[in-house]
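Written below as structure tokens is the structure these notes are about.
Quick note: the coordinates plus some simple rules give every number you see, no bench work behind them. Everything quoted here is computed from the prediction, not taken from an experiment. Please note: Cβ atoms are built from the backbone with ideal geometry, for glycine as well, and neighbour counts cover all protein chains shown.
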Amino acid sequence: MRRGARAPLVRHRSDRLVYLVDTNILSIGAPDSREAPAGWVPWMDAHSEALFLSTITVAEVCDGIARVKRAGAAGRATRLSDWLDLVLHLYGGRVLPFDVAAARIAGRLLDRARASGRAPGLADVAIAATAESRELTVLTRNARDFAPLGARVVSPFETLPA
């Protein structure tokens, strides 16, 4: 990829928005998770082709599974690991890497956030950059974490997207 080149765009289906699902939204479907917003499961089913994951989200989920296992909850860790395997199967080719194009954007986003006095975590920066590099909207419960990054976000806890 030449210097400054963008990652290949995700093909947008019709006029609907296409989303990069943040870890806190994906986790709603995990075993033993808290309750989802009203209408969430049917919305996810109806929009499944427009939902993508980042490899950063996969890393965050794996970190959580390892933490649960280290805490002695081997059964729960196994259920979570099985759930993650199912999620990765269902998302198939819709798991996007944190690539060079996203890394270049991440550097710019991190600088923007620091200039405004914020110090976001690398995971949020990488997810926002992956979304921006592919013209996706981040689907997250924590819109304020993405605000200093200038990311387009939607929170299904405020309103389900159309």
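Over all pairs of different C-alpha atoms in segment 19-154, the reciprocal of the mean inverse distance, the Kirkwood hydrodynamic radius, equals 15.6 Å. Expressed in units of 2.2 N^0.38 Å, where N is the residue count, the Cα radius of gyration of segment 35-105 is 1.31. Between segment 15-64 and segment 103-162, the alpha-carbon centres lie 16 Å apart. A simple spin-label model places pseudo-atoms 7 Å from Cα toward Cβ; at Ala115 and Ser81 they are separated by 4.5 nm.
Helix 74-91 and the long axis of the chain differ in direction by around 50°, with both axes built from C-alpha atoms. Once the Cα atoms are used to define both axes, helix 122-133 deviates from the longest principal axis of the chain by about 60 degrees.
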